[in-house]
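Asks: I have a structure I would like to understand better, so I am pasting it below and will then ask my questions one at a time.
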Amino acid sequence: APPATAPPATAPPPDMALRRLLLIAAALAAAAAPAAAFYLPGLAPVNFCEAGKEKPECKSGIELFVNRLDSVESVLPYEYTAFDFCQAEGKKRPSENLGQVLFGERIEPSPYRFTFNKKETCKSVCTKTYDTTKPEDKQKLDFLKKSMLLNYQHHWIVDNMPVTWCYDVEDGQRFCNPGFPIGCYITEDGRPKDACVINSEFHEKDTFYIFNHVDIKIYYHVVENEALGARLVAAKLEPKSYKHTHPDNPDCSGVPMDISNKASGEVKIAYTYSVTFHEEKTIRWASRWDYILESMPHTHIQWFSIMNSLVIVLFLSGMVAMIMLRTLHKDIARYNQMDSTEDAQEEFGWKLVHGDIFRPPRKGMLLSVFLGSGTQILIMTFVTLFFACLGFLSPANRGALMTCAVVLWVLLGTPAGYVAARFYKSFGGEKWKTNVLLTSFLCPGIVFADFFIMNLILWGEGSSAAIPFGTLVAILALWFCISVPLTFIGAYFGFKKNAIEHPVRTNQIPRQIPEQSFYTKPLPGIIMGGILPFGCIFIQLFFILNSIWSHQMYYMFGFLFLVFIILVITCSEATILLCYFHLCAEDYHWQWRSFLTSGFTAVYFLIYAIHYFFSKLQITGTASTILYFGYTMIMVLIFFLFTG
């Protein structure tokens, strides 16, 4: 999930689709001309010039947007206005797409304004005064303290770029964090928590230090064609804490701004900023995100995981090929040599069950519904990842990934209805109305119910991730007015076609299944089947969970697409192998077993998510824990249908 940051300062025009086509055409033309630049569709650069030199294509004012604040220690994000910071008066909020709303991003204008290439030193933004004897003031101050204790982070945006805080970590590496903390806390025994380690002046016990001053550095690149002006390529800041003695005329020096936990009386916090501009000749506009991504390690681990997955795939493919070629070839050759019928009676292994292999499974209705929903999710994932690989859904294009997935899911009702109907008919089912209704409502209904309960908790906690009522209605409208009718259309065509022809007749009397050995019994087979596909994905899973819960950027869609393809192959091959083994043991109940063999990967996913929660996350509080597991269950269900 790309991290939340702000949209371009101007709202996209209604003819965005047309513009995208033109941009793609322009990009193709640019690809032909080696010197020309390549831009992602819908994200064109903005040019800036100094005050007094403005032209229609270049402006001098730089706006800073603020996003929701989030924490690694809590699942609940809050919007900027929930805190008592300096507010921007009377400016309207930029519009957000569906994906941003679903991810709880709330982008708002801020009171911080800069003029291009104009240096500002210690400029006052506003001063907040709290009288701890007044209940509402005390409540605001306590909320600030609580958020510093949980290490809530600001996310600021300049020209659609996250404003980063870069600092040195071990082995001389620099880490660029796309957010910075509100403040930090020194515990009662004098131990600095989180960001308090950066300054030795933070030493008072049981005290909060608020970062009320920021030094912002904006880096720009002058466009070769001088007439155009400059483009911003990076914005970095350093949070500082100053107790301004004269808030009206601040000088940004002296002792840090401390708020004792037991403070009473009046507390004054003055917010200030400084901004400087630096020309950066080496970074081009097109590669301006690189410095953030490069500071996130891990690409070498990715190659290791891909190699690991490929070895599993090769091993499985070898097994499947061996069985197909050697065993089946030998069996069929022997079959063809038989001239008398007496020999044919002495069949063995999987050929003994040919009269029972197409017997309809128990609970065929449910299986066909799962297959329909699974097909819908499979195609949706494939198309979304394909677009992500092409760069349409990069972190700069906020909320695009989620929007794309939801829209695709809604539009893919037809294949779901068709697949469910085809299988249900081949299982000899008659209740086609029930089948269509279950396909439309069962799995989406479970997801929506879970989602709705999580939303109620978020709403109760006053978090920005709570989805507005209007958006919920819009999602329901998409589901009922587009997805459901499309599912009905798919089912209509599925039932109209003749049932799938079986190459052999099914016997009247079911054959008795002999005593099974341990590993051909259903449960051990299913449990073994999920291990291999999970082995392919668990390293990627770590990064995906990190991007969702630890607010790190996820941008390695190329790797993810590779892993997705490998996962699909592994699931299919592991299932074919295990299916062959238990058919050889004369057990002909293969339909549910083949769905559950690879679907069991989802159970391993759940176990991994629980392990991740206890070993990697520092989440505290009941609401956050319920939310973590509530959202995890949605992911597990989707993953179960997809792998099955």
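Asks: Can you list the trypsin sites (Lys or Arg not before Pro) in the range 181-224 that are in a DSSP coil and have 12 or fewer other beta carbons within 10 angstrom?
Replies: Working: sites: 193, 205, 217; in loops: 193, 205.
Filter output for the range 181-224: 205.
Asks: Let me ask you something else. So between residue 611 and residue 527, what do we pick up on full extension, going 0.36 nm a residue minus the alpha carbon distance?
Replies: Here the answer is 28.4 nm.
Asks: In the chain, what cysteines have no partner Cβ closer than 4.7 Å?
Replies: Flagged as lacking a Cys partner: 389, 404, 443, 481, 536, 571, 579, 584.
Asks: Specify whether the C-alpha gyration tensor of the range 398-457 places it in the rounded, prolate or oblate class, a ≥ b ≥ c being the square roots of the eigenvalues: rounded for a/c under 1.5, otherwise prolate if a/b is larger than b/c and oblate if not. Present the calculation step by step, with values, prior to reporting the outcome.
Replies: Values: a/c = 4.46, a/b = 1.72, b/c = 2.58.
Taking the square roots of the gyration eigenvalues as a ≥ b ≥ c, the range 398-457 is oblate.
Asks: Another one. Return the distance in nm (one decimal) between the two label points of a simple spin-label model at residue 266 and residue 129, each offset 7 Å from Cα along Cα→Cβ.
Replies: 0.5 nm
Asks: Roughly how many nanometres apart are two label points built 7 Å out from the Cα toward the Cβ at residue 314 and residue 187?
Replies: Between residue 314 and residue 187, the simple spin-label model gives 4.9 nm.
Asks: Within the range 174-198, find all residues whose amide N lies under 14 Å from a label point positioned 7 Å from the Cα of residue 236 along Cα-to-beta-carbon.
Replies: Flagged as within label range: 174-179.
Asks: Just subtract the alpha-carbon distance of residue 146 and residue 55 from 0.36 nm times their residue separation and send over the number in nm, one decimal.
Replies: 28.1 nm
Asks: Apply 1/(1 + (r/R0)^6) to the Cβ-Cβ distance of residue 252 and residue 278, taking R0 = 30 Å, and write down the FRET efficiency to the nearest 0.05.
Replies: 0.95
Asks: Take the alpha carbon gyration tensor of the range 47-292, find the square roots of its eigenvalues, order them as a ≥ b ≥ c, and report rounded if a/c is under 1.5; if not, report prolate when a/b exceeds b/c, else oblate. Intermediate results must be reported in sequence, preceding the final value.
Replies: Numbers: a/c = 1.67, a/b = 1.62, b/c = 1.03.
Judged from the Cα gyration tensor, the range 47-292 comes out prolate (a/c at least 1.5, a/b above b/c).
Asks: Going by a ≥ b ≥ c, the root eigenvalues of the Cα gyration tensor, does the range 491-531 fall in the rounded group (a/c under 1.5), the prolate group (a/b larger than b/c) or the oblate group?
Replies: The shape class here is oblate.
Asks: Restrict the search to the range 98-164; then list the trypsin sites (Lys or Arg not before Pro) that DSSP places in a loop and that have at most 10 other Cβ atoms within 10 Å of their Cβ.
Replies: Listed in order of number, the matching sites are 119.
Asks: Okay, moving on. Obtain the nm distance between the two label points defined at residue 366 and residue 517 by a simple spin-label model: each point lies 7 Å from its Cα along the Cα-to-C-beta direction.
Replies: So the label points at residue 366 and residue 517 sit 3.1 nm apart.
Asks: Taking 0.36 nm per residue of sequence separation and subtracting the Cα-Cα distance, how much length would be gained by fully extending the chain between residue 166 and residue 498, in nm to one decimal?
Replies: On the way: separation 332, 0.36 × 332 = 119.52 nm, distance 6.39 nm.
Residue separation times 0.36 nm, minus the Cα-Cα distance, leaves 113.1 nm.
Asks: Same structure, new question: Helix by helix through the chain, keep the DSSP H runs that span 30 Å or more along the axis on Cα and average at least -1.0 on Kyte-Doolittle, and give those back in order.
Replies: Working: long enough: 299-322 (35 Å, 1.50); 364-390 (39 Å, 1.89); 432-460 (41 Å, 1.29); 557-584 (40 Å, 2.21); 622-643 (31 Å, 1.79).
Helices meeting the span and hydropathy rule in the chain are 299-322, 364-390, 432-460, 557-584, 622-643.
Asks: Something else: Among 242, 99, 151, whose Cα lies farthest out toward the positive end of the dipole of the range 47-292, if unit charges sit on the beta carbon of Lys, Arg (+1) and Asp, Glu (-1)?
Replies: Positive-end residue among those listed: 99.
Computed from the coordinates by the stated procedures, all read-outs in this text should not be read as laboratory data. Just so we're clear, the structure is a prediction, and the values are computed from it rather than from any experiment. All Cβ positions, even for glycine, are placed from backbone atoms using ideal geometry, and neighbour counts span all protein chains on display.
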